[in-house]
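Take a look at the structure set out below.
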Amino acid sequence: MGSSSSSYAPKTIYMDVDGKVQRVIFSRHCSPCDIKELLLTYPINNFLFPSKEKEDMFQNVLSQVAEQFICICFKVNWSVSDSLRANALEGLKVVEIEKCKNDLKKLRDEMTSRGVRVNCNCKYNFTDDGKKLSPRRDVPSYPKYTLSQETIEALKKPTFDVWHWEHNEMLSCLEYMYHDLGLVKEFNINPITLKRWLLAIQENYRDNPFHNFRHCFCVSQMMYGMIHLCNLQVRSYMCILMTAAACHDLDHPGYNNTYQINARTELAVRYNDISPLENHHCAVAFQILSMPECNIFANMEPDSFKQLRQAIITLILATDMARHGEILDSFKQKVDSFDFTNEEHVKCLKMVLIKCCDISNEVRPTEVAEPWVDCLLEEYFIQSDREKSEGLPVAPFMDRDKVTKPTAQIGFIKFVLIPMFETVMTLFPQIEEIMVQPLRDSRDHYEELKQIDDAMSEKKTTESMSLGGKKK
């Protein structure tokens with residue numbers, strides 16, 4: 001599957017800083033407010049203009065530059081006390097807003113190195129490893145793919161092969177899901193804002209082996225399939241389920257809650273060791289939604305948004321596996337006399353549904369599911385190696401010296417996946433053939449692999465003992 005990229009001509013401001021020309025690049029999609037905000041965020045005036053009078057003059061001229069940047073197609077030429085020179089050049093290579101931020105950061109770092117105090121009131125937060133969370137403001141438009149009827153039907157099924165799709169195509173599929181479920185119309189979502197929001201979501205998933213944007217798409221696609229399979233028809237439920245699925249692992253650092261807590265990371269300290277990752281995913285999700293250009297719920301009434309926000313938070317927090325037993329037990333108590341008019345019953349169902357989708361890879365065909373096991377083990381091994389080097393406890397199922405693919409999967413499928421999906425099957429019997437049976441087949445598959453591994457291991461032990469006896 002091919003992908004294409006959007007191109008646009010960037011614009012440049014040149015600044016004469018202490019005799020050295022510094023360049024700040026903006027894309028043509030950057031609004032005047034964005035330019036003004038980004039420049040004013042960094043106190044370069046403290047360095048260029050030591051006097052209050054000149055500082056005010058700089059702020060005034062800079063505001064004018066920002067306001068007129070797009071209006072006059074960037075063809076400007078300003079001068080302030082021979083210290084500020086700005087012009088715009090067209091036809092430069094393709095750039096994005098991140099380049100602009102990096103250039104500004106270099107200016108700030110240079111000032112800091114010269115002893116200038118920098119008080120940045122930047123609204124973006126920093127994660128524990130210093131990675132800046134920056135929901136994209138001037139997101140380029142991704143290509144609009146026309147989905148074939150075959151793809152549209154496949155999207156509704158757990159058998160969908162998520163490995164055949166590139167990021168742009170996955171974004172188009174997610175966009176289609178929101179339209180197909182009637183969410184764009186029901187919640188009066190601006191289609192352009194939906195695109196920007198989806199791009200911001202993608203941008204804020206890291207390139208981890210497992211917890212990445214493809215995993216986000218996997219969970220969202222499985223949720224879309226379950227909505228159709230279980231014939232859920234209340235659009236507010238659909239919106240909550242789909243949005244929580246898309247946001248549930250935002251900015252995941254690739255190290256789980258156990259590591260966060262044991263290593264006493266910033267996230268663990270911030271959230272008092274209580275689901276630090278899930279709380280962080282929620283925070284990032286609503287930071288993105290707090291930006292007007294990414295707020296797909298801008299047209300909702302405040303009270304309705306407040307309820308939707310709380311529901312999404314509840315679902316994302318439910319993905320913490322430390323709460324698995326508690327949530328499943330609660331659902332089991334309700335399922336035999338389930339009442340769709342009971343808010344507590346419905347809330348519990350939604351929590352279980354997102355849990356099912358989050359860990360649903362083994363529902364998929366073996367050729368689709370098995371690569372995910374490799375990805376997860378790779379992420380586990382990276383964490384366990386780091387835990388060993390830092391003298392932290394290491395979970396046996398994450399230790400590359402102790403775990404195998406069959407041993408990693410058998411217990412998880414038998415004692416976590418099958419019991420949960422069978423409980424959901426009590427309420428929705430139609431999922432047995434397409435979701436529960438594949439889990440049973442997967443369990444049998446890994447048990448066979450384990451028997452083969454055990455036989456080979458026993459054979460090697462016997463041969464080793466035989467060779468040892470001969471040497472004597």
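The values are calculated or read from the model by the stated rules, or taken from the named source; none is laboratory data. No experiment lies behind these values; they were computed from the predicted model shown. Positions of Cβ are backbone-derived with ideal geometry, glycine not excepted, and every protein chain shown enters the neighbour counts. The area values use the complete protein model at the heavy-atom level, side chains included, leaving out ligands, DNA and RNA. Shrake-Rupley method; radii C 1.70, N 1.55, O 1.52, S 1.80 Å.
Worth a mention:
- Single match in Ile316, Ile327 (criterion: in contact with a helix residue (DSSP H, G or I) (Cβ under 7 Å, 6 or more places away or on another chain) and without any contact (Cβ under 8 Å) to a residue 60 or more places away in the chain): Ile327
- Residues within segment 292-329 that are in a helix (DSSP H, G or I) and over 30 Å from Phe421 (Cα atoms), tallied: 8
- Residue match in segment 375-394 (condition: modelled with pLDDT of 95 or more and under 30 Å from Cys230 (Cα atoms)): yes
- Residue check, Lys332 assigned by the TED database to the domain that holds Asn279, surrounded by fewer than 18 Cβ atoms within 10 Å (Cβ to Cβ), under 30 Å from Thr407 (Cα atoms) and out of contact with any strand residue (DSSP E or B) (no Cβ under 8 Å at 6 or more places or on another chain): yes
- Failed criterion for Lys355 (all others in (1) without any contact (Cβ under 8 Å) to a residue 24 or more places away in the chain; (2) surrounded by 15 or more Cβ atoms within 10 Å (Cβ to Cβ) hold): (1)
- Of Glu378, Glu422, Glu447, all but one fail to be open to solvent by 30 Å² or more (accessible area, probe 1.4 Å), closer than 16 Å to Pro158 by Cβ and not assigned by the TED database to the domain that holds Ser330; the exception is Glu422.
- Qualifying residue in segment 176-191 (condition: within 18 Å of the chain's Cα centre (by Cα), assigned to a helix (DSSP H, G or I) and at pLDDT 95 or above): yes
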